[in-house]
Structure formats: C-alpha cells, structure tokens
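Trainee: One structure, pasted below without further comment.
None of the figures in this text is laboratory data; all of them are computed from the coordinates on show. Nothing here was measured: the structure is a model prediction, and the numbers come from that model. Virtual Cβ from ideal backbone geometry, glycine too; neighbours counted across all protein chains shown.
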Amino acid sequence: MSHKLRLYRDELAPQTAYTLSAGNAVRLVYVVSGGLRVAGDTLQATLGANSAYTSRAALQLNSGHLATLVLRWELTAAATAVALANGAGVGSTLLLEAAMTLDPLRQYLLRGDRVDFPPGGEALTHTHQGGGIRCLLFGGIDIHTQGTVHHYAPLAPWFEAGPDPVYAAAAKSEASAFARVMILPRELLGKSSISYVNAEDRDKPKNQKYQVFIDTPVALP
C-alpha cells in the first residue's frame, strides 16, 4: 500500500491553541521549545521542550504562557490531503513529505526518538529496517548516501528510506542533534533498527546517544 509520511512545523504564539482532527493518520507531536498542553478524548498531558506525544484521536493543543515550536509527523494514506494547522496566532508549514510503500500484511510500529552527537561525532556507515523523516534540532550534519553529500542546518528535514547505506558526520565545532520518526517492523519493538554495513565497524565505540520518546505498535491508516 502507498502511504505518505509528512513532517509539519507548527508555531504557536503564547496563549493560542489549535485542534488536530481525528482523521485516519498515525501522528506524533514533538515539542522543540516552549510548552504544550494536549487534550484528547481520554487523556490530558503537559509537554515541555524535548518531549513527545502520539494519538490518533482528535487533539487540542494549547501553548499556555510560552511561544511554542512543534514538529508534527503524520503517516497517512497517499491520497490524504496536507493538514496544516489553523488558528489565530498559529503558523503551520509542511517541511517535507515522503512516499512509503508498506505491506498491509505486515505489522508495524511507530518510533519517535532523538539522536545526539558530540562535536565531530559520526554515525558509521549503516542502514535501518524502515524509513523515516529526520529534522535537525541544533548544530549541523552532513549526510553521505548514494554517492551524494547533503548538509543540514537547524530545522532542516530529510528522509532516509532505510536500506540505503548512510554515513553521518556532525559539525566539528558544536554539539548536534536531530529528532526523527521511523515506521519499523513490529518485531523491532524495544530493539535497535540499525545495522552497520562494514563488519569492522560493528564493535567500534559509538559516539551517538539515543533518547526514545515513543515506541508503540500502530495499525496502518
């Protein structure tokens, strides 16, 4: 089946709110800065910076007393229209969308996490078992894949399909980090999705650090 994974940037002025409908989407919201009150049909939560929430229910998001920057990932059927946030004091931009072909006979999970690098850090040449969209939070990073090199600055997104080998080199002068959402085979629940291409790299010390926010089974939209 053909799906779209989309990443939106939603910006809220203080004391503003917007509503996300209960459309057929697998959704994750991540607070980059500020704070967010999230109200769903059965649960309310308060999110600070560097925290995430997932729900397929209708959600109301309120920025409270702080201006708030949110990254919002949505996995939908390919024909689903773009869903920008609306409301006074709310700005919304589609940063990136990527096509994903997912097998309806397989089971999947949604993983939202953050990867941090020290100055000069690197991720040795590797693949993943599923695709996903990354967004740089701070610092800088060069992504080497398929014979090309792309540089990303803060709040720039990119898509990695999973099976394509990738080498990542973080900025030498400062720490760097990105947030990402991946759609992975469900058997990877609680397990790493990374595989190193070169056998000699598998046991080398790794300097990237991971923080997992959401790791949960999902039904495809």
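Trainee: Provide HIS151, HIS144 in ascending order of the number of other Cβ atoms located within 10 Å of each residue's Cβ, fewest first.
Mentor: Details: HIS151 12, HIS144 15.
Ranking HIS151, HIS144 by Cβ neighbours within 10 Å, fewest first, gives HIS151, HIS144.
Trainee: For the chain, calculate the relative contact order in percent as a whole number, restricting contacts to Cα pairs under 8 Å that are 6 or more residues apart.
Mentor: Details: 601 pairs, mean separation 54.6, N = 221.
Taking the mean separation of contacting Cα pairs over the length of the chain, I get 25 percent.
Trainee: For the range 123-140, what does the Karplus curve 6.51 cos²θ - 1.76 cosθ + 1.60, with θ = phi - 60°, yield as ³J(HN,Hα) per residue in whole Hz, taken in order and with x for Gly and Pro?
Mentor: Ordered by residue, 3J(HN,Hα) equals 10, 4, 3, 8, 10, 10, 8, x, x, x, 9, 9, 9, 6, 8, 7, x, x Hz.
Trainee: Considering amide H positions built from the backbone, and no H for Pro or chain starts, which residues 5 or more places from GLY64, or on another chain, come under 5 Å of its amide H?
Mentor: The answer is GLN15, THR16, ARG37.
Trainee: Taking H placed 1.01 Å from N in the peptide plane, check which residues at least 5 places from SER176 or on another chain put their amide H under 5 Å from its amide H.
Mentor: Placed amide hydrogens put PHE117 under 5 Å from SER176.
Trainee: Follow-up. How far is it, in nm, from the label point at HIS150 to the one at ALA79 when both lie 7 Å from their Cα along the line to the Cβ?
Mentor: About 2.8 nm separates the two model spin labels.
Trainee: While we're on this one: Would you mind ranking LEU136, LEU188 so that the residue whose beta carbon has the fewest other beta carbons within 10 Å leads the list?
Mentor: Working: LEU136 22, LEU188 17.
Lowest count first: LEU188, LEU136.
Trainee: Moving to a separate point now. Which number do you get for Rg(Cα) / (2.2 N^0.38 Å) in the chain? Walk me through the numbers on the way to the answer.
Mentor: Details: Rg = 17.3 Å, N = 221, 2.2 N^0.38 = 17.1 Å.
Ratio of Cα Rg to 2.2 N^0.38 Å: 1.01.
Trainee: Tell me the trypsin sites (Lys or Arg not before Pro) within the range 135-198 that lie in a loop according to DSSP and have at most 15 other beta-carbon atoms within 10 Å.
Mentor: Working: sites: LYS172, ARG180, ARG186, LYS191; in loops: LYS172, LYS191.
Answer by residue number: LYS172, LYS191.
Trainee: Count charges around GLN107 for me, please; just the other residues with Cβ under 15 Å from its Cβ, Lys/Arg as +1, Asp/Glu as -1. All intermediate terms of the calculation are to be shown ahead of the outcome.
Mentor: On the way: positive: ARG106, ARG111, ARG186, LYS191; negative: ASP103, GLU187, ASP215.
Value of the local net charge: +1.
Trainee: Could you list LYS4, LYS204 in order of exposure, starting from the residue whose Cβ has the fewest other Cβ atoms within 10 Å? Present the calculation step by step, with values, prior to reporting the outcome.
Mentor: On the way: LYS4 18, LYS204 10.
The order, fewest Cβ neighbours first, is LYS204, LYS4.
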